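A.B. asks: One structure is given below, represented as structure tokens, and several questions about it will come after.
A short reminder: the numbers here are calculations on the coordinates, not readings from a lab. No experiment lies behind these values; they were computed from the predicted model shown. No Cβ is skipped: glycine too gets one built from the backbone with ideal geometry, and neighbour counts run over all protein chains shown.
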């Protein structure tokens, strides 16, 4: 697989992971942390850090909105137990 295709596949897999997490709003971050060692907030931090490493500015709040699919405060109000 060439590098361009690999990047496309990795990006698609990441988008699929986000879609899966979005479809499982019943799974709380603490559940993810306990079982998998990461959560939606971790993904947000990784996203912001990778953007920064490439010279882009993405705030933590912007990254969380991307990962959660809505502002974090809204997600928390609707879905956090």
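A.B. asks: Top mean-square fluctuation among 54, 15, 64, Gaussian network model of the chain, C-alpha springs under 10 Å?
C.D. replies: 54
A.B. asks: Continuing with this model, one more query. How far is helix 40-53 tilted, in degrees, relative to the longest principal axis of the Cα atoms in the chain, given as a value from 0 to 90 rounded to the nearest 10?
C.D. replies: Taking Cα atoms only, the helix is inclined about 30 degrees.
A.B. asks: Once each part is reduced to its C-alpha centroid, what is the distance from region 46-61 to region 10-42 in angstrom?
C.D. replies: One Cα centre to the other: 19 Å.
A.B. asks: Under 18 Å from the 7 Å Cα→Cβ point of residue 52, by amide nitrogen: which residues of region 59-78?
C.D. replies: Under cut-off, by backbone N: 59-67.
A.B. asks: How big is region 1-64 by Rg and Dmax over its Cα atoms, in Å?
C.D. replies: Expressed in Å, the Cα Rg and Dmax of region 1-64 come to 13.4, 38.
A.B. asks: Subtracting the Cα-Cα distance from 0.36 nm times the residue separation, let me have the gained length for residue 25 to residue 3 in nm, one decimal.
C.D. replies: Values: separation 22, 0.36 × 22 = 7.92 nm, distance 3.34 nm.
Going from the current span to full extension adds 4.6 nm.
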